[in-house]
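Novice: Provided herewith is a single structure, encoded as structure tokens, for subsequent inquiry.
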Amino acid sequence: MLRQSWRAWINRGAPRVGPWWIDHVWTVIFSLAVALGFSILFSNGRGRDSVGSWGAWYLGNAIVSLTIGFSIRFALWLAGRIVGAARLRHWASWQRSLYFFFVPTLGVIVGWPLGMAWGFGIDVRRFLRLDQPTLLLSTLLIMVLFTVVFQLFFRSSALQIQAENRATEAQLRLLQAQIEPHFLFNTLANVVSLLEVDAPRAKVMLEAFVDYLRASLSGLGHGAHTLGDEVDLVEAYMKIIKIRMEDRLDYAIEVPAALRGFALPPLTLQPLVENAIVHGLEPRIDGGRVRIGARRVDRRLVITVDDDGAGFAASTTTAAVPPGRGAGTALANIRQRLAQTYGSGASLELEAATPHGVRACLSLPIAS
């Protein structure tokens with residue numbers, strides 16, 4: 001969580017990860033580190049005088065740095081409230097670059113004089129007098145220089161993080177695009193066997209498999225993915241499994257049409273349904289029931305996958321895992337994707353159902 005929260009803090013405009021106060025902690029740590037570097041570079045022999053003299057010098061710089069840091073954070077918060085996080089994420093690259101240059105610059109302009117007054121008792125108005133243009137120009141150049149240095153640092157760090165996120169997303173999509181061999185082979189083998197004894201059922205299974213492939217590939221082929229796209233994928237998947245399991249499987253998809261247009265990361269719901277089938281129902285001789293539901297609760301989209309299967313105890317993927325946590329590659333991939341998209345605003349929880357089975361619950365924020 002700490003690593004992801006740091007990446008979200010330094011990648012400006014990304015959703016926050018962790019509790020509300022974590023951004024303030026990173027601001028304090030970063031500001032104190034900047035003050036330390038500045039104090040060392042411009043100590044001017046203070047360390048040779050006394051430890052107390054250097055400590056006072058660092059304390060003054062720390063106050064200035066903290067004031068600038070929190071002024072920038074306040075400027076970003078205020079501008080974010082005015083612009084809107086959802087709108088900001090859809091801006092062009094050059095618009096975001098200008099936004100994240102001028103807003104922090106405004107924070108520096110406000111924070112630097114306050115910090116100098118609080119940290120060193122200096123009235124900076126004497127540096128901004130129009131009758132001393134050289135001093136005024138030097139002061140403005142110093143402020144711009146510090147702003148540019150910080151911008152370059154944050155930009156390079158953000159670009160590195162974004163590149164890592166794109167690589168991770170590409171890897172996840174590649175893994176999800178590779179249909180498990182046993183699912184592919186079992187489906188085709190069932191089609192071949194049904195052709196000899198029940199051609200209509202073989203045709204239905206083959207059509208469902210084509211629908212599954214089409215829904216899966218279309219979900220990976222574009223960025224705008226919705227709950228409706230995911231439901232189409234799950235429905236095609238369930239039709240295939242229903243033909244295979246016959247009376248051992250009963251399922252229901254209860255997703256209101258009004259919710260199908262909400263954005264959802266690709267292949268977020270299908271792995272949860274597949275887990276319910278593979279680890280919940282297939283181990284039971286009599287199978288069971290899977291229910292997929294979605295509802296809106298205030299400003300959140302809540303998606304649930306319930307099964308009355310074997311539960312945690314019989315699952316090799318979730319064995320010995322406390323309710324609410326979950327394990328396995330599929331669940332880890334989903335949680336990582338949710339963190340990249342929503343920060344700490346989304347969650348995936350697993351809990352034991354009564355009298356048996358598992359409930360997976362996705363809770364996502366609805367963008368305004």
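Novice: Test of understanding: among LEU88, LEU59, LEU76, which residue is more than 22 Å from the chain's Cα centre (by Cα), assigned to a helix (DSSP H, G or I) and not acidic (Asp, Glu)? Spell out the reasoning first.
Specialist: Details: LEU88 fails: more than 22 Å from the chain's Cα centre (by Cα); LEU76 fails: more than 22 Å from the chain's Cα centre (by Cα).
Step by step, each of LEU88, LEU59, LEU76 is checked, and only LEU59 is more than 22 Å from the chain's Cα centre (by Cα), assigned to a helix (DSSP H, G or I) and not acidic (Asp, Glu).
Novice: Within the stretch 308-359, how many residues turn out to be surrounded by fewer than 16 Cβ atoms within 10 Å (Cβ to Cβ), under 12 Å from the mean Cα position of the chain (by Cα) and modelled with pLDDT under 80?
Specialist: Here the count works out to 1.
Novice: Would you please list the contacts, defined by Cβ atoms under 6 Å and residues six or more apart or on different chains, that run from a residue in the stretch 91-109 that is closer than 15 Å to ILE68 by Cβ to a residue that is of a type outside the set (A, V, I, L, M, F, W, C) and crowded, with 18+ Cβ neighbours inside 10 Å?
Specialist: From residues that are closer than 15 Å to ILE68 by Cβ, the pairs are THR105/THR147; GLY107/SER71; VAL108/THR147.
Novice: For the stretch 359-368, how many residues meet the condition of being in a strand (DSSP E or B) and hydroxyl-bearing (Ser, Thr, Tyr)?
Specialist: Filtering the stretch 359-368 down to residues in a strand (DSSP E or B) leaves 359-365.
Cutting the leftovers down to hydroxyl-bearing (Ser, Thr, Tyr) gives us 363.
Here the count works out to 1.
Novice: Give the residues of the stretch 60-94 that are more than 24 Å from LEU141 (Cα to Cα) and not aliphatic (A, V, I, L, M), sorted by residue number. Give the derivation first.
Specialist: Residues of the stretch 60-94 that are more than 24 Å from LEU141 (Cα to Cα), as a first pass: 77-93.
Hits for the stretch 60-94 are TRP77, GLY80, ARG81, GLY84, ARG87, ARG89, HIS90, TRP91, SER93.
Novice: Same structure again: Considering only residues that are among the aromatic types (Phe, Trp, Tyr), surrounded by fewer than 18 Cβ atoms within 10 Å (Cβ to Cβ) and part of a helix (DSSP H, G or I), which ones fall in the stretch 91-109? Walk me through it before giving the result.
Specialist: Just the residues of the stretch 91-109 that are among the aromatic types (Phe, Trp, Tyr), to begin with: 91, 94, 99-102.
Now drop any that are not surrounded by fewer than 18 Cβ atoms within 10 Å (Cβ to Cβ), which leaves 91, 94, 101-102.
The answer is TRP94, PHE101, PHE102.
Novice: As an exercise: evaluate ALA252 against (1) buried (at least 19 other Cβ atoms within 10 Å of the Cβ); (2) more than 28 Å from the chain's Cα centre (by Cα) and give the number of the one condition it does not meet.
Specialist: (1)
Novice: Hey, can you tell me all the residues within the stretch 222-254 that are closer than 21 Å to GLY309 by Cβ and either acidic (Asp, Glu) or outside any helix (DSSP H, G or I) (or both)?
Specialist: Once the filter is applied, which keeps residues that are closer than 21 Å to GLY309 by Cβ and either acidic (Asp, Glu) or outside any helix (DSSP H, G or I) (or both), the stretch 222-254 yields GLU235, GLU246, ASP247, LEU249, ASP250, TYR251, ALA252, ILE253, GLU254.
Novice: Okay, moving on. Out of all the residues in the stretch 333-358, which are out of contact with any Leu (no Cβ under 7 Å at 6 or more places or on another chain), in a strand (DSSP E or B) and either in contact (Cβ under 8 Å) with a residue 24 or more places away in the chain or closer than 11 Å to VAL305 by Cβ (or both)?
Specialist: As a first pass, look at the stretch 333-358 and keep what is out of contact with any Leu (no Cβ under 7 Å at 6 or more places or on another chain): 336, 339-341, 343-345, 347, 349-357.
If we keep only those that are in a strand (DSSP E or B) as well, we get 347, 349-352.
If the condition is that a residue be out of contact with any Leu (no Cβ under 7 Å at 6 or more places or on another chain), in a strand (DSSP E or B) and either in contact (Cβ under 8 Å) with a residue 24 or more places away in the chain or closer than 11 Å to VAL305 by Cβ (or both), then GLU349, LEU350, GLU351, ALA352 are the ones that fit.
Novice: With the checklist (1) in contact with a Pro (Cβ under 8 Å, 6 or more places away or on another chain); (2) in a helix (DSSP H, G or I); (3) among the small types (Gly, Ala, Ser) in hand, flag the one item ALA294 doesn't pass.
Specialist: Going through the list (1) in contact with a Pro (Cβ under 8 Å, 6 or more places away or on another chain); (2) in a helix (DSSP H, G or I); (3) among the small types (Gly, Ala, Ser), ALA294 breaks only (2).
Novice: Please note which helices (runs of 4 or more DSSP H) are completely contained in the stretch 1-53 and include at least 1 residues that are under 23 Å from PRO104 (Cα atoms) and either at pLDDT below 75 or not assigned by TED's automatic domain parsing to the domain that holds ALA339 (or both). Break it down stepwise before answering.
Specialist: On the way: elements: 2-10, 22-41, 46-49.
Answer list for the stretch 1-53: 2-10, 22-41.
The values are calculated or read from the model by the stated rules, or taken from the named source; none is laboratory data. Given the structure is predicted, the values throughout are model-derived calculations rather than measurements. All Cβ positions, even for glycine, are placed from backbone atoms using ideal geometry, and neighbour counts span all protein chains on display.
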